[in-house]
Amino acid sequence: MLPLVTIVIPFYNCPYVQLAIESALAQTYPHVEIIVVDDGSWKYRHLLLPYSDRVRIIRKGNGGTASALNAGIRRANGEYIAWLSSDDRFYADKLARQMGFMLTHGANVSFTDYDLVDGHNRITRISASPKFGTVTAFYRYLLSGCPINGCTVILSKRLLGQAGLFNERLPFTHDYDLWLRIILQREDFYFLNHRTVQYRKHGGAGSVKHQFRIQKEARLTQRRYASRLEALIASLEKEGIR
């Protein structure tokens, strides 16, 4: 039997949440658990009501995205975790294609390409993920920025047990921080060159509203891990791994 995958959807006052839930329910992969974590919302909570018999809804006080993700992960029954923001959408074949890829390659974590959409569900850019020819090129990019869209990631719950959960003290770069911790354990971070997500960029998105705070926090995250990541790159190059 194929392993169970838990989709965790953090939700906070988001009018697009039904589109996210519908995309999770539409997955062609046969073994899926869906958990929506209501992170203290005071708007749009009624949008969850039609799904109460098909998804697990966890309600908690507001603690931020990392807190909501961790709450969902702790309650998840799945062997693998997929994160879906409440304003984004999965393509229907996301889990089937990505899990097939991961099981074939023995991968514990992977990310994929994605499309950009606007607030009116119009695709504004196809294939938005940066591409890298070598492992070390990918790692060098991570020294100055995060090319990984968190909602494209699937990872094993066992790996989270080793690397730790999302850092709840980081309101914006909790994903960047976790990916770096995973990589510094010398875990292969696989890339599937297939678009699996519609990532929404709109005026109400946190990535738009808080871009300057995000940039500041990202610089601190980069400094925290730079020396260890540079040492890993040097070690890989010494081993002949590019």
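The values are calculated or read from the model by the stated rules, or taken from the named source; none is laboratory data. Just so it is clear, the model here is predicted, and its values are computed rather than measured. No Cβ is skipped: glycine too gets one built from the backbone with ideal geometry, and neighbour counts run over all protein chains shown.
Can you tell me how many residues in region 104-118 are charged (D, E, K, R) and either buried (at least 17 other Cβ atoms within 10 Å of the Cβ) or closer than 10 Å to Asp188 by Cα (or both)?
Qualifying residue count, region 104-118: 2.
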Identity of the residue in region 130-154, in a loop (DSSP other than H, G, I, E, B) and of a type in the set (Ser, Thr, Tyr), that ends up surrounded by the most Cβ atoms within 10 Å (Cβ to Cβ):
Thr134
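This table checks each residue for (1) more than 27 Å from Thr6 (Cβ to Cβ); (2) touching a residue at least 60 places away in the same chain (Cβ under 8 Å); (3) surrounded by fewer than 18 Cβ atoms within 10 Å (Cβ to Cβ).
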| site | (1), (2), (3) |
| --- | --- |
| Leu165 | no, yes, yes |
| Ile182 | no, yes, no |
| Gln185 | no, no, yes |
| Asp188 | no, yes, yes |
| Glu230 | yes, yes, yes |
Residue in region 195-212 that is at pLDDT 95 or above, among the charged types (D, E, K, R) and touching a strand residue (DSSP E or B) at 6+ places or on another chain (Cβ under 7 Å) present:
yes
